[in-house]
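Chemist: Handing you this structure, nothing more for now.
What follows is calculated from the coordinates using simple rules that are stated; it is not laboratory data. Predicted, not measured: the structure shown is a model, and the values here were computed from it. We place every Cβ from the backbone using ideal geometry, glycine too, and count neighbours over all the protein chains shown.
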Amino acid sequence: MIRSLSAGFGYFLVVFTLGAILGFVREVLVAPLTGSVIAVLMEMPVMIGAAWFVCRLMIHKFNISDDVNQRLAMGAFAFCLLMVGELLLSMILQGSDITGFLRMYELPENRIGLGGQIAFALFPVIQRYGTALHER
């Protein structure tokens, strides 16, 4: 279980860092030109691709087995860290509180982002099934 949590932490750290950088670029350079929804839709394939790659890397680096429970633990831990990181950024950068953070999801661009974050959480399990199908 420790390996799963360690892999989840690494997965979170790399993807969160990339997301913070791309989020800054999105908000400062892209969203003023395209609008928030289009900017998020442009960023999403990059983040999904990066998360898929980083997930696979962490699974191999930490030697995570095909056990579904280990994969779920990795994804769930990474997702929880991601949500806490998002909350902290919201509090620091926008002076928001938990209620304000949750209200952000009323906006379509944030719901789109949440969909990507849920996919991020499920990637360790999805990759397990993809590997099993590939080996047949």
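Chemist: Counting Lys and Arg as +1 and Asp and Glu as -1, what is the net charge of the other residues whose Cβ lies under 13 Å from the Cβ of residue 8?
Modeler: Local net charge: +3.
Chemist: Specify which residue in the list 46, 72, 62 is farthest towards the positive end of the charge dipole of the range 1-129, using unit charges on the beta carbon of Lys, Arg (+1) and Asp, Glu (-1), about the Cα centre.
Modeler: Result: 62.
Chemist: Please report the relative contact order for the chain, taking Cα pairs under 8 Å with a sequence separation of at least 6, and give it as a percent rounded to a whole number.
Modeler: Dividing the mean separation by the residue count of the chain yields 36 percent.
Chemist: For Cα extents along the principal axes in Å, pick the label among [x] 47, 28, 22; [y] 54, 35, 29; [z] 46, 34, 24 that corresponds to the value derived from the coordinates.
Modeler: From the options [x] 47, 28, 22; [y] 54, 35, 29; [z] 46, 34, 24, the structure gives [x].
Chemist: Around residue 21, under 15 Å between beta carbons, what's the net of Lys plus Arg minus Asp minus Glu among the other residues?
Modeler: Neighbourhood net charge equals -2.
Chemist: Out of residues 5 or more away from residue 96 or on other chains, whose amide H comes under 5 Å of its own, with H placed 1.01 Å from N in the peptide plane?
Modeler: Long-range HN contacts for residue 96: 91.
Chemist: Related question: Lys and Arg at +1, Asp and Glu at -1: add these up for the other residues within a Cβ distance under 9 Å of residue 128 and post the number.
Modeler: With Lys, Arg at +1 and Asp, Glu at -1, the net is -1.
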